[in-house]
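Working notes, beginning with the structure itself.
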Amino acid sequence: MKNMRRVLFVLVVALLAGQAFAAPYVLDAPTARQFTQMNTSSATNKLYLVIDSPGLSTSSKYYDSGDLLSYGPPMQLAVGFAGNLRDDQVISIGMQGSFGSGHESFEALLANDDDDLWAPALYVVTDVATYAATPVTMSSDTQALFSVSGWSSTEVIREFGFRLTYEGDRGSDQFRMSAVPIPGAVLLGFLGLTAGGLGLRRLS
């Protein structure tokens, strides 16, 4: 009987683990290259560039406002996003459309390539609600795996991406964030770095 209970316990834990990590959608480079600014642009809230590594003026640009020729500092990951943001504003960088069915969460590895503090958070907009994780402050030259979840399988994805807020002390500054695909085989290795998933907010 004791062995049977142990087997049942292992099966329950395995099932719960399978549910917790079922079918995440992980941001890849081709998708990240389609990201652009999704909310209102202004002089102090504006995406300048979506650019391939290493972010030089000769690198492939997928969005270019004409305000910045190159990314600037070394880019840690594969696709870079550069722009300007004031400390009382939020910029939404993403795309409209769907990443398909069967995904219970959206995950992305992001890096802060700037010398100031920036706080990203993933978000997903469905036909029912907006789901946004709590922003997590990143120091300079750091990386973290971010996630957001909470929508039901019946909801239709309308928009997804990341939001960014400025946590520095200059009032406004230029940001530089980069992203990269995460191979499924090494995804579990990043679970200890997961940020932003615990503070999920559902915004109607």
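The values are calculated or read from the model by the stated rules, or taken from the named source; none is laboratory data. Model, not experiment: these values are computed from the prediction. With ideal geometry, Cβ positions are generated from the backbone for all residues, glycine too; neighbour counts draw on all protein chains shown.
For PRO135, the conditions (1) within 12 Å of the chain's Cα centre (by Cα); (2) within 24 Å of MET75 (Cβ to Cβ); (3) in a strand (DSSP E or B); (4) not basic (Lys, Arg) are fulfilled apart from (3). Across the stretch 65-74, a minimum of one residue is classified as at positive phi and not aliphatic (A, V, I, L, M). Of all the numbered requirements in (1) modelled with pLDDT of 85 or more; (2) in a strand (DSSP E or B); (3) among the charged types (D, E, K, R), GLU155 misses one, and that requirement is (2). The residues on offer are VAL12, VAL26, and the sole one that is touching a Pro at 6+ places or on another chain (Cβ under 8 Å), more than 17 Å from SER92 (Cβ to Cβ) and at pLDDT below 95 is VAL26. Of all residues in the stretch 85-110, those satisfying the criterion of being surrounded by fewer than 21 Cβ atoms within 10 Å (Cβ to Cβ) and of a type in the set (A, V, I, L, M) are VAL90, MET95.
Among the residues making up the stretch 33-66, a single one is among the polar types (S, T, N, Q), at pLDDT 95 or above, more than 18 Å from the chain's Cα centre (by Cα) and not in a loop (DSSP other than H, G, I, E, B): ASN45. Where residues in the stretch 65-84 are among the hydroxyl-bearing types (Ser, Thr, Tyr) and closer than 13 Å to SER53 by Cβ, which of them is surrounded by the most Cβ atoms within 10 Å (Cβ to Cβ)? Among those that are among the hydroxyl-bearing types (Ser, Thr, Tyr) and closer than 13 Å to SER53 by Cβ, it is TYR71. When ARG176, ARG163 are checked against the criterion of being modelled with pLDDT of 90 or more, more than 25 Å from GLU104 (Cβ to Cβ) and within 14 Å of the chain's Cα centre (by Cα), ARG176 stands alone in meeting it.
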